[in-house]
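In what follows, a structure is listed as structure tokens, so that the remarks can point back to it.
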Amino acid sequence: MHTNRWGRAVAAGLLTAAVAAGCSSAPAAPPSPSPAPPAPPSTAAPPSTAYSPQLCAAATQFQTATNALVQLDATKVGTDGVKTALQNLGDAGRNLATAAKAQFAPQVAALEQALGSLQTTIGQLTDQTSLSSKLGALTASVAQVEAAAEPIVDSVRTGCSGVPPVSIPPTS
């Protein structure tokens, strides 16, 4: 299992994106996000379980949205682009929760809670200054969504060939 790998990748991507966008009003170091709550014990379906096409598509959409966020260049997309990428992650997370509910109920409950927190944080983004000031909360919200979705996507990846691998943020 790749515990916190996604959260670290997305956090690094968001921090890089915010710094690259020239967030001069950001503090020298963003506040440390509170650690994501521990994932519930894995009750993931074994690899031999057949997953529905809807669940495979939802896991693919979620991983694609996550990878897009990690690779985001905020200097090119600005605050609106960052907000759109976060909303895409939220939409993909809700689709994943809906498709996974029958097979992954405990993980879906954690995912839905994390998505609610992310949506609240997204609603507070209005401009570059709000993006800079909310970076710590935003990173923590995204990391919680990632941590909650990870056991679902990792399990589904074993039975759905189209789910892309986790993207690592570029180094520069």
A careful count of residues in the stretch 35-71 that are in contact with a Ser or Thr (Cβ under 7 Å, 6 or more places away or on another chain) and at pLDDT below 65 gives 3
Picking from Ala110, Ala149, the residue that is of a type in the set (Gly, Ala, Ser), open to solvent by 10 Å² or more (accessible area, probe 1.4 Å) and at pLDDT 95 or above would be Ala110
Pairs please, first residue from the stretch 70-89 and within 15 Å of Thr126 (Cα to Cα) and in a helix (DSSP H, G or I), second anywhere and of a type in the set (Phe, Trp, Tyr) and open to solvent by less than 10 Å² (accessible area, probe 1.4 Å), Cβ atoms under 7 Å, 6+ apart in sequence or on different chains.
none
Restricting to the stretch 155-165, what's the tally of residues that are under 15 Å from Ala65 (Cα atoms) and crowded, with 19+ Cβ neighbours inside 10 Å?
1
Can you tell me how many residues in the stretch 73-98 are open to solvent by 30 Å² or more (accessible area, probe 1.4 Å) and not acidic (Asp, Glu)?
10
Here is a list: Leu118, Leu131. Which entry is at pLDDT below 90, out of contact with any His (no Cβ under 7 Å at 6 or more places or on another chain) and not in a loop (DSSP other than H, G, I, E, B)?
Leu131
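The values are calculated or read from the model by the stated rules, or taken from the named source; none is laboratory data. Please read these numbers as outputs of a predicted model, since none were measured by experiment. Here Cβ is always computed from backbone atoms with ideal geometry, including for glycine, and neighbour counts include all displayed protein chains. In case anyone asks, the SASA skips ligands and DNA or RNA and just uses the protein heavy atoms, side chains included. Shrake-Rupley method; radii C 1.70, N 1.55, O 1.52, S 1.80 Å.
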